[in-house]
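Heads up, the thing below is written out as structure tokens.
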Amino acid sequence: MTQLSLFDNEQATSAPLASRLRPETLSEYVGQKHLLGKGKILRQLIDKDQISSMIFWGPPGVGKTTLARIIAGRTKASFIEFSAVSSGIKEIKEVMEQAEKNRFMGLKTLLFADEIHRFNKAQQDAFLPYVEKGSIILIGATTENPSFEINSALLSRCKVFVLKALDETDLTGLLTHALTDPKGFGMTEIKMENAHLHAIARFANGDARTALNTLEMAILNGRIDSSGIIHVDNEILAQCMNRRSLLYDKNGEEHYNLISALHKSMRNSDPDAAVYWLCRMLDGGEEPLYIARRLVRFASEDIGIADSQALQVAVSAYQACHFLGMPECDVHLTHAVVYLSMAPKSNALYMACEHAKQDVRTLPAEPVPLQICNAPTGLMKELNYGTGYVYAHDTKEKLSKMKCLPNSLADKRYYLPTEEGNEKAVKERLEEILAWKNG
């Protein structure tokens, strides 16, 4: 497979795709609209050239370094970039001394410390007096929680901005731009489906650098026809993503088909099928937290009080996915899926909720019965608010025959427990309560 023809264009040889397409202005910058959108505080600080020391905290590949460089280009200050790996105390002090001289000359110094969490305490302490005096404007970038990794004294003098992982729309737009921009592959004719771009965007999991690197690898390994057109197919893309690509569309029919298959397999107490459909979704790039949220819903909709532990398992699986992310959280989702599949099933809670909602929507809005109204004022007491209320704890049975539904719904039943699992005991208890109240 010949690939050298891709490098005939000099612009394609200068740097990796991610470097060639690095934004130089805010108008080119992708994502972080919560910080850089119109009227947002960081955008205003940049536009007014009122930047102070700050920390950018966010996952890899979301534009922390790029944003710092854009700010450096906008602000009237000399720009110095530091690395925790190559910069020791001596180098830091030398730069700080020069920054101090610049300050006396009326010049600002913007110092960018990439991976600032890797600087040790002594290195971080070396920044502190100069940040405090205003000799430097420090912009630190970190993937770790600043509260734990940055000295509290230094952190207290910096504004922390949280950068978010790029969403699929942002990444797909970025990849499309890479195919058309002359600095990317705009000078090369490439044939690849739009679904391929979405697959790469999902695979990148919010990381622009990963998305661009994957696209570049796929194109460099694409098939070149006799006309010089590069073709990227499913097989090439799957190899570049180091997995079989199902081109799973989270917004399309296949998404709903697969989540339906997972849900119905669990409802049918088929753990093998449920685990298979779970893995199909994960392999297709589905967000694990989405699956976890559906499991939480299932735990109450299809199991409910038949096994209340199911809800705890599902919520714990969601938390585990939040802590770990992919690929480690796949086993936690499997744990929950198997548990929910094997748990006794009851849709009594779901049916109770649906029937009550239907009555709320279609029947008149009845007033709350006076006996269960609160009476915080004298006037409300005079109007019989709370009159007839029975405090159940004061009775021998811990029950009362007081009506809590409006009169028009007095005998309405919404919750009809089954005899599945633990709900059998609940049903027996409810029948005893109703018999006592009607006796």
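The values are calculated or read from the model by the stated rules, or taken from the named source; none is laboratory data. No experiment lies behind these values; they were computed from the predicted model shown. Counting neighbours? That spans all protein chains shown, and the Cβs are built from the backbone with ideal geometry, glycine included. Keep in mind that these areas ignore ligands, DNA and RNA; they rest on the heavy atoms of the full protein, side chains included. Shrake-Rupley method; radii C 1.70, N 1.55, O 1.52, S 1.80 Å.
Observations, loosely collected:
- The stretch 273-326 versus the stretch 204-231: alpha-carbon centroid distance in Å: 34 Å
- Listed residues H198, H263, H355, most fluctuating in the chain (Gaussian network, C-alpha, under 10 Å): H355
- Of the trypsin sites (Lys or Arg not before Pro) in the stretch 405-439, the ones in a loop by DSSP (not H, G, I, E or B) with at most 16 other beta carbons within 10 Å are K412, R413.
- Charge tally around K424: other residues with Cβ under 15 Å, Lys/Arg +1 each, Asp/Glu -1 each, net -4.
- A 1.4 Å probe run over the stretch 346-399, with the rest of the protein chains in place, finds 76 Å² accessible per residue.
- Accessible area of the stretch 337-439 belonging to carbon and sulfur atoms, whole % at 1.4 Å probe: 57 percent
- Å³ per residue enclosed by the Cα convex hull of the chain: 245 Å³
- Helix axis angle, 208-220 relative to the chain longest principal axis, alpha carbon, degrees: 70 degrees
- Total formal charge among the other residues, if their Cβ is under 11 angstrom from that of K264, Lys/Arg +1 and Asp/Glu -1: -1
- No Cys partner within the rule (Cβ under 4.7 Å), the chain: C158, C240, C279, C353, C373, C404
- Heavy-atom accessible area per residue - the stretch 94-212, 1.4 Å, Å²: 47 Å²
- Cα-based Rg / Dmax (Å) for the stretch 357-404: 13.8, 39
- For the stretch 82-137 and the stretch 25-67, distance of Cα centres in Å: 21 Å
- Taking the C-alpha atoms only, the angle from helix 194-204 to the longest principal axis of the chain is near 90 degrees.
- Rounded to 10°, Cα long-axis angle of helix 348-362 versus longest principal axis of the chain: 90 degrees
- Percent breakdown of C-alpha pair distances by 10 Å bin, ordered from the shortest bin, for the stretch 97-172: 17, 44, 24, 11, 3
- Given +1 at the Cβ of Lys and Arg, -1 at the Cβ of Asp and Glu and no other charges, the dipole of the chain around its Cα centre is 1540 debye to the nearest 20.
- Accessible-area composition of the stretch 64-127, carbon plus sulfur, in percent [1.4 Å probe]: 52 percent
- Alpha carbon convex hull of the stretch 280-363, volume per residue in cubic angstrom: 99 Å³
- Backbone N under 20 Å from the K90 label point (7 Å along Cα→Cβ), restricted to the stretch 111-139: 119-127
- Dipole check for the stretch 296-398: with +1 at the C-beta of Lys and Arg, -1 at the C-beta of Asp and Glu, and the Cα centre as origin, the magnitude is about 200 Debye.
- Cα-based shape type of the stretch 35-121, given that a ≥ b ≥ c are square roots of the gyration tensor eigenvalues and the cut on a/c is 1.5: oblate
- The stretch 102-204: GluC sites (Glu not before Pro) in DSSP coil with no more than 15 other Cβ atoms inside 10 Å: E144, E189, E193
- Here the simple spin-label model places points 7 Å from the Cα toward Cβ, and for L383 and N194 these points are separated by 5.8 nm.
- Rg(Cα) / (2.2 N^0.38 Å) computed for the stretch 155-194, rounded to two decimals: 1.85
- Tensor-based shape of the stretch 118-267 (alpha-carbon gyration tensor, a/c under 1.5 rounded, otherwise prolate or oblate): oblate
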